[in-house]
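Throughout, read-outs are computed from the coordinates displayed, never taken from laboratory work. Source: prediction; values computed, not measured. No Cβ is skipped: glycine too gets one built from the backbone with ideal geometry, and neighbour counts run over all protein chains shown.
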Amino acid sequence: MTDGTWDAFEPGAGAASANGMVNGTSAHAAVPALDIRHISMSFGPVPVLSDVDIAVMPGEIHGLLGANGAGKSTLVKILAGYHHPSPGSEADLWGRPVQFPLKHPERFGLVIVHQDLGLVENMTVLENFGAVIRFGSVRYRPVSWRKLRRDVTRRLEEFGVGVGLDDLMSTVTPGVRASVAIMRALESAQRAGAERVLMLLDEPTVYLGPGQREILFDLIRRLTRQGNSAIFISHRLPEVIDLCDRVSVLRDGRRVSTHETASITAAELVHQMLGYSVDQFYPDPEANEDPSSVLRLQAVSCGQLRSLSLSITAGEIVGVTGVPGSGVDDLPHLLSGDQRAAGGVVEVFGEDMTKTLNPRSGRGRGIVVVPADRHRHAVWLEGTSAENLTLGSVSKFFSGGRFHYGSERRYAAGALRQYGVRPTDPDRFLRTFSGGNQQKIVLARALESRPKILVLHEATQGVDAGGKKDILDLISAAARSGVAVVMSSTDYEELAHVCHRVVVLHEGAVAVQLSAPAITEDALSRAVQLQ
């Protein structure tokens, strides 16, 4: 399908299947859950949204895609009431016209679940519900814990969310955490008087594995079968196609297309998001001509790794994948020195470091790790981009007993330009950058430390298509300069396009090994599923 297919889906028509239904709801007869028209907004003279029209029908799961800077975040913030769009912008929620800026969106049946979920880890599940519904609706009345417990239990049981109300949120699995966040938002909206709810889910799966994603998807499908609706924002195109009924694509602040997901491929979506084909998206892995081994693991056990043997040479990109529990998530912790090998041998440049490998000694031998969860383990969100770039290397900006802020800023500005971070502002707080640009800053800091072995754990997790291309280009360039790269990832498409080799783990050991050009997404998927 090509751009311009919106003509087949006039606002109010909906994502009808062959029988004109969306999850059991008559698409043509229903009032849209959301109907936005002529949404525009500028920051100063720069337009960020231009005349955007999107309709979401009752019972529909509607995907929203776009590269960094396409306007997704701005549209979310308009619907959240944070931004005020330009005059002439219009929106209806469940048939009710809304005024901008939108106040108390939950009263209109709109709830927003952000990437970080907004849960308090040192509170229980029940307390997290209580916090958002303000522990009762009558001022000064004591909290009725019995009623709250009864209401929350009914809510969770209704949709099959299995979690203990007295469990600390920090102990709950990621998939259930996301489900709790959605259930909490739903409860808030219905207590505010909403009969049906439009859920705006902004990257809720970014830290979820395949099994955890299915838990969340099952919940979303159950909710929409009851006539609720969802807008689903994700950088993982296969899950958008799998979950959503329709998908709208933004590019440069405009809606360029809307499609039924049954009639569009991931490659076509990439083309529409970026303006060029997927063949131009991935860098071509160059042949590795350096046979010298820089890292050798022999019968290593650590966490869920069992007798893992693997050797990596300079300039080689080796992918490591497998189902959760296979050990794929333990390898980065082993190589970073956060976890000690319980058995086997770990050699780095021929030196046995089985008993001596720790974060400090690893960095001394040139091992640099980019963790999967950047917010928890790699960035300081309240710090500036310059401060995040120089974490761990501030000593080089000290002289004469003084810290030279000007030198730090000049260094950071150059690094931001070199690694394609936008905007190139060293004084901007990291929390104001997009996920893709935050990840570029993390990778820039890693590469600026001149690694010899670069270990990447889900390197493009939570990154849009444009940012993903930039990051993969940087990784390939590092390999061409002689850096050995270990990519621990569950993104088969990414691994298939950038790796020289990919090993599939099963029960902590190498079960299958594929080498280019035999590495394909289908081959990896089959290899993982057959274990």
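With a simple spin-label model that places each label point 7 Å from the Cα along the Cα-to-Cβ direction, the separation between SER309 and ALA80 comes to 5.1 nm. From the coordinates of this entry, P(r) over Cα pairs in 20 Å bins from 0, in percent is computed, and it appears in (1) 16, 38, 29, 11, 4, 1, 0; (2) 17, 50, 31, 2; (3) 20, 52, 26, 1 under the label (3). Computed about the Cα centre, the dipole magnitude for the chain is approximately 1940 debye when only Lys and Arg (+1) and Asp and Glu (-1) carry charge, each at its Cβ. Between ASN122, PRO238, SER188, the Cα set farthest toward the positive side of the dipole of the chain (charges on each charged residue's Cβ, about the Cα centre) is that of ASN122. Distance between the pseudo-spin-label points of ASP427 and ARG225 (7 Å out from Cα toward the beta carbon): 5.5 nm. Restricting attention to the chain, lysine pairs at least eight places apart or on different chains and with alpha-carbon atoms under 27 angstrom apart total 16. For VAL300, the residues whose modelled amide H falls within less than 5 Å of its own, excluding neighbours fewer than 5 places apart on the same chain, are SER307, LEU308, SER309, VAL345.
Cα centroids of region 198-257 and region 320-351: 33 Å apart. Here the peptides 481-488, 397-404, 237-244 are ranked by packing, the mean other Cβ count within 10 Å, and the order with the highest first is 481-488, 237-244, 397-404.
Note on GLU351 and GLN418: with the Förster distance fixed at 45 Å, the Cβ-Cβ geometry gives a FRET efficiency of about 0.90. Helix 210-225 axis versus longest C-alpha principal axis of the chain: approximately 10°, rounded to the nearest ten.
Placing unit charges on each Cβ (+1 for Lys and Arg, -1 for Asp and Glu) gives the chain a dipole about its Cα centre, and among GLN513, ALA33, HIS62 the Cα reaching farthest toward its positive end belongs to ALA33.
Seen against the Cα atoms of the chain and their longest principal axis, helix 174-191 is set at about 20 degrees. Residue by residue, region 76-87 carries 3J(HN,Hα) couplings of 4, 5, 5, 5, 7, x, 7, 10, 10, x, 5, x Hz when phi is fed to the Karplus relation 6.51 cos²θ - 1.76 cosθ + 1.60 (θ = phi - 60°); x denotes Gly or Pro.
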